[in-house]
Amino acid sequence: MTLAVVLAFCALALLCSLALLFSNWPVWLKALLAAGVTVFYFYADDTVHSMWGWPSADALPERFVLLAAVIDEPSAKSTGALYIWVNAIENGKPAAQPRAYRLPYAKDLHALLNEGMKKVRQGVSQMGSAEPKTGSKAFAWLRPGSDEQTVKIRDLPSPQLPEK
């Protein structure tokens with residue numbers, strides 16, 4: 001897939017450069033083409049990163065099973081982050097494939113994830129829920145991926161077996 005994406009970008013760049021150099025289009029149309037290709041490049045780069053296993057900055061699923069967590073504590077060089085690997089619960093069943101998420105560092109969530117991972121290592125599966133925080137949502141659309149959520153983690157209930 002990497003080769004296909006690189007070839008697609010090369011073809012787009014070639015077509016754009018041919019249109020800019022050899023067409024009789026007005027200057028404003030050439031400028032619009034250059035701006036459009038630039039915007040498309042950054043959009044495609046973001047989309048490709050979300051597909052290739054990079055942790056998603058999207059909001060966590062409403063209900064999920066906690067599989068793993070990695071804590072990157074804040075330091076002088078970085079702001080820190082919480083990386084978690086979860087399996088979304090859809091219609092009462094786990095999703096087919098797990099997904100990695102990147103959350104901004106928070107000390108209380110760090111402690112919660114540590115406790116959850118201790119229980120996972122002991123063989124107790126952990127279920128989580130994520131609800132949007134209530135409060136001011138003014139200009140939230142300017143900060144993609146900054147949808148703050150309240151995350152709760154608890155033991156996964158035992159499955160109920162049917163009667164014989």
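Charging the Cβ of each Asp and Glu at -1 and of each Lys and Arg at +1, and nothing else, the dipole of the chain about its Cα centre rounds to 180 debye. Please give the net charge around T38, taking every other residue with its beta carbon less than 15 angstrom from that of T38, where Lys and Arg add +1 and Asp and Glu add -1. Computed value for this residue: -1. Compared with the alpha-carbon gap, the fully stretched path from K152 to L33 is longer by 38.1 nm at 0.36 nm per residue. Here the spin labels are modelled as points 7 Å beyond Cα on the Cα-Cβ line, and at A68 and L12 they lie 3.2 nm apart. Between 0 and 90 degrees, the angle of helix 107-121 with respect to the longest Cα principal axis of the chain falls at about 60 degrees.
Binning the C-alpha pair distances of the stretch 2-51 at 10 Å intervals from 0 yields a P(r) profile of 24, 48, 22, 6 %, listed from the shortest bin outward. How many angstrom separate the Cα center of the stretch 61-108 from the Cα center of the stretch 1-32? Result: 38 Å between the Cα centres.
Report the semi-axes of the equivalent ellipsoid for the chain in whole Å, largest first, where each axis is √(5λ) for an eigenvalue λ of the Cα gyration tensor.
Values: eigenvalues 362, 78, 48 Å².
The equivalent ellipsoid of the chain has semi-axes of 43, 20, 15 Å.
Taken together, the values in this text are just the output of simple stated rules run on the coordinates, not laboratory data. All values reported here derive from a predicted model rather than from experimental measurement. Ideal geometry is used to build each Cβ from the backbone, glycine not excepted, and the neighbour counts take in all protein chains shown.
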